1. Closer than 16 Å to Phe5 by Cβ and either polar (S, T, N, Q) or at pLDDT 85 or above (or both): which single residue out of Ala27, Ala71 fits that description?
2. Looking at this structure, is Phe3 modelled with pLDDT under 85 and either in contact with a strand residue (DSSP E or B) (Cβ under 9 Å, 6 or more places away or on another chain) or surrounded by 12 or more Cβ atoms within 10 Å (Cβ to Cβ) (or both)?
3. Does Arg52 count as part of a loop (DSSP other than H, G, I, E, B), among the basic types (Lys, Arg) and modelled with pLDDT of 85 or more?
4. Can you pull out the residues in segment 55-65 that are among the charged types (D, E, K, R) and either at pLDDT 85 or above or not in a helix (DSSP H, G or I) (or both)?
5. For Ser45, indicate whether it is modelled with pLDDT of 85 or more, hydroxyl-bearing (Ser, Thr, Tyr) and buried (at least 16 other Cβ atoms within 10 Å of the Cβ).
6. Which condition number in (1) surrounded by fewer than 12 Cβ atoms within 10 Å (Cβ to Cβ); (2) at pLDDT 95 or above is the one that Ala15 fails?
7. Output the residues belonging to segment 66-88 that are of a type outside the set (Gly, Ala, Ser) and assigned to a helix (DSSP H, G or I).
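The values are calculated or read from the model by the stated rules, or taken from the named source; none is laboratory data. Note that this is a predicted model, so its numbers are computed, not measured. Every residue, glycine among them, receives a Cβ derived from its backbone with ideal geometry; neighbour counts consider all protein chains shown.
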Amino acid sequence: MIFRFNDKEYTGATALEVVEQMERDDAEFSAAQTGGTIQEFVKWSLKKLSDRLPPRELDLSNARVDDEVQAHGYLSLRHDYGIGEIVE
């Protein structure tokens, strides 16, 4: 899978690997968190993108979903709203 954002490509065999790369690459999140989970990164990132997403998209259910499912949903949401592009 390839996700492109701000002239940078994140690649991985799974959506989870791509989101993990994005997490490591985000200096703001890295400074604020230590050993955060994918769910914490997605919540943090959505809050940061709140000016570009409708409020209904910002509320994550408290139900625990598989990390891969959440990562894919996160990338798809960003793609759908033009905040990145799923290339493959």
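1. Values: Ala27 fails: either polar (S, T, N, Q) or at pLDDT 85 or above (or both).
Answer to the selection: Ala71.
2. On the way: modelled with pLDDT under 85: no; either in contact with a strand residue (DSSP E or B) (Cβ under 9 Å, 6 or more places away or on another chain) or surrounded by 12 or more Cβ atoms within 10 Å (Cβ to Cβ) (or both): yes.
Spelling it out, it is not the case that Phe3 is modelled with pLDDT under 85 and either in contact with a strand residue (DSSP E or B) (Cβ under 9 Å, 6 or more places away or on another chain) or surrounded by 12 or more Cβ atoms within 10 Å (Cβ to Cβ) (or both).
3. On the way: part of a loop (DSSP other than H, G, I, E, B): yes; among the basic types (Lys, Arg): yes; modelled with pLDDT of 85 or more: yes.
For Arg52, the condition - part of a loop (DSSP other than H, G, I, E, B), among the basic types (Lys, Arg) and modelled with pLDDT of 85 or more - is met.
4. Of the residues in segment 55-65, the ones among the charged types (D, E, K, R) are 56-57, 59, 64.
Across segment 55-65, the qualifying residues are Asp59, Arg64.
5. Details: modelled with pLDDT of 85 or more: yes; hydroxyl-bearing (Ser, Thr, Tyr): yes; buried (at least 16 other Cβ atoms within 10 Å of the Cβ): yes.
When the stated conditions are applied, Ser45 passes them.
6. With respect to (1) surrounded by fewer than 12 Cβ atoms within 10 Å (Cβ to Cβ); (2) at pLDDT 95 or above, Ala15 is out only on (1).
7. Applying the first criterion (of a type outside the set (Gly, Ala, Ser)) to segment 66-88 yields 66-70, 72, 74-75, 77-81, 83, 85-88.
Selection gives Asp67, Glu68, Val69, Gln70, His72, Tyr74, Leu75, Leu77, Arg78, His79, Asp80.
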